[in-house]
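Here, each number is a calculation from the coordinates, and none is a lab measurement. Keep in mind it's a predicted model, so treat the numbers as computed, not measured.
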Amino acid sequence: MSETLLIAIIGIASTLLSGIISFTLGQRAERQKQSLLVRAKILKPIDEWLKGGEKMVSIFSYTISSVAQKLPLLIGCDFN
């Protein structure tokens with residue numbers, strides 16, 4: 001076999017191999033991306049539910065702080 005034919009065969013083989021590897025890695029990345037999107041959708045109701053809890057905790061902490069300082073009104077509390 002001549003050297004040019006060998007180089008051409010190696011070039012074609014490496015092109016095919018790199019194409020297969022790129023396709024496989026891209027497919028894997030896309031599956032992982034879709035999986036993360038599904039997980040984010042699942043966690044959305046939990047996140048919304050926890051926001052109400054965060055608001056209650058902040059109101060409670062403002063109340064405790066105001067009581068400890070013997071203030072007539074809550075300090076820094078936004079009820080919106």
**Asked** Which ³J(HN,Hα) values, rounded to whole Hz and listed in residue order, are derived for the range 35-48 from phi using the Karplus coefficients 6.51, -1.76 and 1.60 in 6.51 cos²θ - 1.76 cosθ + 1.60 with θ = phi - 60°, glycine and proline given as x?
**Response** 5, 5, 5, 5, 4, 5, 5, 5, 7, 4, x, 5, 4, 5
**Asked** When the Karplus curve 6.51 cos²θ - 1.76 cosθ + 1.60 is applied with θ = phi - 60°, which whole-Hz ³J(HN,Hα) does each residue of the range 6-18 get, with x for Gly and Pro?
**Response** 5, 5, 5, 5, 5, x, 5, 5, 5, 5, 5, 5, 5
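What share of Cα pairs, in percent, lie more than 14 angstrom apart in the chain?
78 percent
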